[in-house]
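Readers should treat all values here as calculations from the given coordinates under stated rules, not as data from a laboratory. All figures in this text were calculated on a predicted structure; none of them were measured in a lab. When we count neighbours, we look across all protein chains shown, and the Cβ atoms used for this are built from the backbone with ideal geometry, even at glycine.
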């Protein structure tokens, strides 16, 4: 015989919701999109700023080519993924989320994520960033403010503590600044001059054609004329093997030209950045 549950209409108490379900009043408020951007910037800085400082010394020591630069930059994804995974699972919070006052939980149960789902969410950051950050912008239109990485992991970001009006306003303003910075960054990537790594490749190419120009002047001083023979200039450098290596790293040899006249010369080349930016010496 099944047990029946009866409600005494004379009692003042209201029956509670079944265990495991939350009423609208009990639901934890979702984290705001702008404050999540602030938390992401803090977490990004925790990992990438020390890594970029390390890269400065590595670049000076190795003088890497374009392919090696890509691998070194991609290497930062490993510590960031581990950081996000470890400090998202088991009820922990990353430094950014802890300071902002938000946390990641399971969408259906409100419980902390396990290691695997936290790992999937960490990988989801790269999926969200790939289409020009559009995966993050989904949080503006989703009813639960979930970005693409949350949809992949079945998670939501909720408030971890109550906030005053002043704190909410400050976080919103900081979030707008972060969005503006990200927008400016991607504008520079698509329409502008590119990242600092690409700028470094262009600067290296410009310096190398200047070195070739210096060798042209040496050639005229010794032989009375300019030359378009790069091998002769390499010999004048004192270390032709290293000169050729530097030329291969700094310049795209497919579009390298030295125009020589009785009273001058013109060097035209392209850098090894993704756009193969033209460089000239003397400059126009």
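Observations on the structure shown:
- Using the Cβ-Cβ distance between residue 256 and residue 56 with R0 set to 25 Å, the FRET efficiency works out to roughly 0.30.
- Relative contact order for segment 84-190, counting Cα pairs under 8 Å that sit 6 or more residues apart, in percent: 25 percent
- Among 229, 142, the ranking by other beta carbons within 10 Å of each residue's beta carbon, starting with the fewest, stands as 229, 142.
- Relative exposure of 128, 237, 225, judged by other C-beta atoms within 10 Å (fewest first): 225, 237, 128
- Entry note, segment 30-145: relative contact order of 31 percent, from Cα contacts under 8 Å with a spacing of 6+ residues.
- Estimated FRET transfer efficiency when R0 is 22 angstrom, pair residue 109-residue 140 (beta carbons, to 0.05): 0.30
- The length gained on full extension between residue 127 and residue 231, counted as 0.36 nm times the residue separation minus their Cα-Cα distance, comes to 32.8 nm.
- Residues 208, 222, 276 arranged by fewest to most Cβ contacts within 10 Å: 222, 276, 208
- Cα gyration tensor category, rounded, prolate or oblate, for segment 196-281 with a/c compared to 1.5: prolate
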